[in-house]
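Derivation of every value follows stated rules applied to the coordinates shown; laboratory data play no part. These numbers come from a predicted model, not from an experiment. Here Cβ is always computed from backbone atoms with ideal geometry, including for glycine, and neighbour counts include all displayed protein chains.
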Amino acid sequence: MDVRIGVDIVPVQRIQAMIENTTAFPLDRMLSATELGLCRGVEFDVAGVAGRIAAKEAVFKLFRATRGALPWPTIEILKGAGGWPEVELSGRAAALAEQARIEQISVSITHDGPYAVAVAVAHIASA
């Protein structure tokens, strides 16, 4: 079984600027209502949003798609058992994963200071 890796980094300040200026590119075009709900608490988790966006980018890189924009709403980064990030694909993202013969995706997210980083690993089925 082959393994494929995707990685991405997002400046937390870029997400803060998006939150402050929602007319530029609203977060609800990038994150599902469920994802946004996971980032709401006493304070809005800006670093958590940055991490989810980095994870979506890292997952998209696994598809090795040569055309089209990132299918933001069809890649969800949710919380699994123990609070670990879990990837849910639907629609276009699921189709791209199938075309790439991806059987399973694992993702890890970290954020420290000004950056959020995510790594995605896919197990690829043999041809």
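Between Glu43 and Ala94, what length in nm is gained on full extension when 0.36 nm per residue of separation is reduced by their alpha carbon distance?
Separation in residues times 0.36 nm, less the Cα-Cα distance, equals 15.1 nm.
Say R0 is 22 Å: what FRET efficiency, to the nearest 0.05, do Trp84 and Asp112 get from their beta-carbon distance?
About 0.80, to the nearest 0.05.
Within 10 Å of each candidate Cβ there may be at most 13 other Cβ atoms; applying that plus a DSSP loop requirement, which trypsin sites (Lys or Arg not before Pro) in the range 51-88 survive? Don't skip to the answer; put the middle values down first.
Details: sites: Arg52, Lys56, Lys61, Arg64, Arg67, Lys79; in loops: Arg64, Arg67.
Passing sites in the range 51-88 are Arg64, Arg67.
Measure out, as a whole number of angstrom, how far apart the alpha-carbon centroids of the range 1-52 and the range 58-107 sit.
15
Between Ala127 and Thr34, how many nm apart are label points set 7 Å from Cα along the C-beta direction?
Computed distance between label sites Ala127 and Thr34 equals 3.4 nm.
Are there chymotrypsin sites (Phe, Trp or Tyr not before Pro) in the range 34-126 that DSSP puts in a loop and that have at most 15 other Cβ atoms within 10 Å, and which ones? Could you put the intermediate results ahead of the total?
Working: sites: Phe44, Phe60, Phe63, Tyr115; in loops: Phe44.
Passing both the DSSP loop test and the Cβ count: Phe44.
Relative to the first principal axis of the alpha-carbon coordinates of the chain, what is the inclination of helix 46-63, with its axis defined by its Cα atoms, in degrees from 0 to 90 and to the nearest 10?
Orientation of helix 46-63: about 20 degrees from the principal axis.
Using just the C-alpha positions of the range 39-92 as equal point scatterers, what log10 of I(q)/I(0) does the Debye formula give at each q in 0.19 1/Å?
Debye intensities relative to I(0), on a log10 scale: -0.71.
Of the options Trp72, Ile109, Ile124, report the single residue whose Cα projects farthest towards the positive end of the charge dipole of the chain (beta-carbon charges: Lys, Arg +1; Asp, Glu -1).
Looking along the dipole axis, the top candidate is Ile124.
Would you mind listing how long the chain runs along its three principal axes, going by Cα atoms, in whole Å with the largest first?
That gives 47, 31, 23 Å along the principal axes, largest extent first.
For q values of 0.25 Å⁻¹, compute log₁₀ I(q)/I(0) with the Debye formula on a Cα-only model of the range 1-76, without solvent.
-1.27
Work out the length of the dipole vector of the range 2-124 about its Cα centre, built from +1 on the beta-carbon of each Lys and Arg and -1 on the beta-carbon of each Asp and Glu, and round it to the nearest 20 debye.
380
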